[in-house]
Amino acid sequence: MPLIHITQAAAMDPDRSAEVLRSVTEAYATASGTPPEKVWVYITEVDREQWSTGGTTLAERDRAIRAEGERS
């Protein structure tokens with residue numbers, strides 16, 4: 001059984017998450033010829049305060065983008 005793990009920053013609503021799970025399952029099943037019921041997919045969401053790029057958390061980047069938008 002293939003297991004597909006998606007790690008992403010938290011923020012996706014449940015309906016969107018369900019669509020991602022369905023779409024990834026379908027894509028893998030189609031590409032590999034594996035029956036969809038044999039494809040396991042799960043999403044791990046990481047809090048934006050716990051994920052960084054270049055030493056800056058995603059939450060800090062979000063705040064900076066909002067502040068820039070308020071100045072415009």
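Of note:
- C-alpha long axis of helix 14-32 to longest principal axis of the chain, angle in °: 40
- Extended-chain gain in nm, criterion 0.36 nm per residue less alpha-carbon gap, Gln50 and Val24: 6.8 nm
- Cβ-defined net charge surrounding Pro14, 14 Å radius [Lys, Arg +1; Asp, Glu -1]: -2
- Per-residue [θ]222 nm for the chain (sum of -39500 (n - 2.57) over DSSP H runs n ≥ 4, rounded to 500): -15500 deg cm²/dmol
- Answer label for semi-axes √(5λ) of the Cα gyration tensor in Å (calculated), chosen among (i) 34, 13, 9; (ii) 23, 17, 9; (iii) 49, 22, 11: (i)
A short reminder: the numbers here are calculations on the coordinates, not readings from a lab. Being a predicted model, the structure only gives us computed values, none of them experimental. Because the Cβ atoms are built from the backbone with ideal geometry, glycine has one as well, and the counts that use them run over all protein chains shown.
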